[in-house]
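Novice: Right, I'll just put the structure down here and ask away after.
The values are calculated or read from the model by the stated rules, or taken from the named source; none is laboratory data. These numbers were taken from a predicted model, which means no experiment stands behind them. All Cβ positions, glycine included, derive from the backbone under ideal geometry; neighbour counts span all protein chains shown. Quick note on the areas: whole protein, heavy atoms, side chains included, nothing else; ligands and nucleic acids left out. Shrake-Rupley method; radii C 1.70, N 1.55, O 1.52, S 1.80 Å.
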Amino acid sequence: MNVRRLIPSTVLAGATALGLVGLTACAADESSGRTKDGKLDVVASFYPVQFLAERIGGEHVEVTALTKPGTEPHDLELKPRQIGRLSEAGLVVYLKGVQPAVDDAIEENGPEHIAELSTFTELEEHGSAVDGHGHEDEEHGADEHAEEGHDHGHDGGADPHVWLDPVKYAEAAEGVGKALQKADPDHAADYRKNTAGLVRELHALDTEFKEGLAGRSSDTFITTHAAFGYLADRYGLRQEAISGVDPESEPSPARIRELHETAEHEKVGTVFFETLASDRTARTLADDLNLKTDVLDPLEGITDRSRGDDYFAVQRANLKALRQALGAR
């Protein structure tokens, strides 16, 4: 697996002192998978699964996030205490392949109840150049991109970024809802109700994207790394990534030439970068081509630099940025 390095792992040094997003806020009853005040003790690996657990679990759960806000989730290294919490939790929610440390800990110390998102929605392979049918562009070639480090390295090449597609995220939400019902049957009715409400919101967001991107003058967008394959597939867009899955890697001269040609031929007006990744290469490319820059957020975490305080707000900010870049009416 290619391990991305957006933020140095040393930022985790102070995580224990900060409580690891509520790790000590409500001590767990180790024998029952519940907190001392009776809530289901849920451990979530990083923000996209944390959001599902919190929205569906509501007042009946206490959700602990393993990944501190602002920390690159792929870089997570678990402390012994966190590994112990995984085995004690009433439910662990995660996405296999994103965080190897979490995968290994669950395999060795997993609790009785686990919600793993790739079992709820099918993962697909996406190259750094993805057309509206979800296929890598043949002219760029899979072999060439593999040599340049553009392969995702998740479970044989599967792209984990399913949460950026509202429809697939809704499928994941339904799976998390069922896992919560099984782990805490006393509140199953509330979990079903909360799941249905969240799924309706996600389908409404899907409609917003469809309508918002209608009448666009271009289908192609350039971004730092290949995180938006599912979104591109869903709405008939074409993703062109500068550095493949690793936004800190240097693209080859050949890749830069390809992007220059693509920008000119497809009338690309904007190069997107991310809030957590270095924007140096994206800005250099934009300067070379006299293009604008903007943020397209892969939503792996919410920080004070995010364009919104939750999943829906950031996704709507992404839609606004795409509409402007693609000339949607």
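Novice: Please state the charge dipole magnitude for segment 224-319, taken about the Cα centre, from unit charges on C-beta atoms (+1 on K and R, -1 on D and E), reported in debye and rounded to the nearest 20. Can you show the working numbers first?
Specialist: Values: 11 positive and 19 negative charges, 51 e Å.
With only Lys, Arg, Asp and Glu charged at Cβ, the dipole is about 240 debye.
Novice: Using θ = phi - 60° and the Karplus relation 6.51 cos²θ - 1.76 cosθ + 1.60, list the HN-Hα couplings for segment 230-235 in order, rounded to whole Hz, with x at every Gly or Pro.
Specialist: 5, 4, 4, 4, 5, 10
Novice: List the residues whose amide H sits under 5 Å from the amide H of Asp159, counting only those 5 or more places along or on another chain, with H placed 1.01 Å from N in the peptide plane.
Specialist: Those lying under 5 Å, H to H, from Asp159 are Glu124, Glu125, His126.
Novice: Ignoring ligands, DNA and RNA, please state the percent of accessible area on segment 238-329 from carbon and sulfur, probe 1.4 Å.
Specialist: On the way: 1820 of 4160 Å².
Ligands and nucleic acids excluded, carbon and sulfur reach 44 percent.
Novice: Okay, next question. Enumerate the amide H contacts of Gln99 below 5 Å, restricted to partners 5 or more residues apart or on another chain; note that Pro and chain-start residues carry no placed amide H.
Specialist: Long-range HN contacts for Gln99: none found.
Novice: Among the lysines, select those whose C-alpha is under 25 Å from the C-alpha of Lys193, and discard any that sit fewer than 8 residues away in the same chain.
Specialist: By straight Cα distance, Lys193 reaches Lys39, Lys168, Lys178, Lys182.
Novice: Under a straight-distance cross-link criterion of Cα-Cα below 16 Å, which lysines are reachable from Lys267, leaving out those fewer than 8 residues away in the same chain?
Specialist: Lys292
Novice: Using modelled amide H (1.01 Å from N, peptide plane; none on Pro or chain starts), what sits under 5 Å from the amide H of Val93, excluding residues fewer than 5 places away?
Specialist: Amide H neighbours of Val93: Val43, Ala44, Ser45, Ala115.
Novice: Provide the solvent-accessible area of Val61, counting protein heavy atoms only and rolling a 1.4 Å probe, rounded to the nearest 10 Å².
Specialist: That residue has around 10 Å² of solvent-accessible surface.
Novice: Order Ile106, Ile302, most accessible first, counting only protein heavy atoms with a 1.4 angstrom probe.
Specialist: Solvent-accessible surface, decreasing: Ile302, Ile106.
Novice: Can you work out the accessible area per residue across segment 194-241, with the rest of the protein chains kept in place, probe 1.4 Å, in square angstrom?
Specialist: Averaged over the residues of segment 194-241, the accessible area is 31 Å².
Novice: On to the next question. For segment 206-214, take each phi angle, set θ = phi - 60°, evaluate the Karplus expression 6.51 cos²θ - 1.76 cosθ + 1.60, and give the result in whole Hz per residue in order, putting x for glycine and proline.
Specialist: 4, 5, 4, 5, 4, 6, x, 9, 6
Novice: So, one more: Rank these residues by their accessible area, most exposed first, probe 1.4 Å: His187, His161. Walk me through the intermediate numbers first.
Specialist: Working: His187 55, His161 0 Å².
Descending accessible area places them as His187, His161.
Novice: Once phi is turned into ³J(HN,Hα) by the Karplus curve 6.51 cos²θ - 1.76 cosθ + 1.60 with θ = phi - 60°, what whole-Hz value does each residue of segment 158-173 show in order, with x for glycine and proline?
Specialist: Taking θ as phi minus 60°, the curve returns 5, 7, x, 7, 5, 5, 7, 9, x, 6, 5, 5, 5, 4, 5, 4 Hz for segment 158-173.
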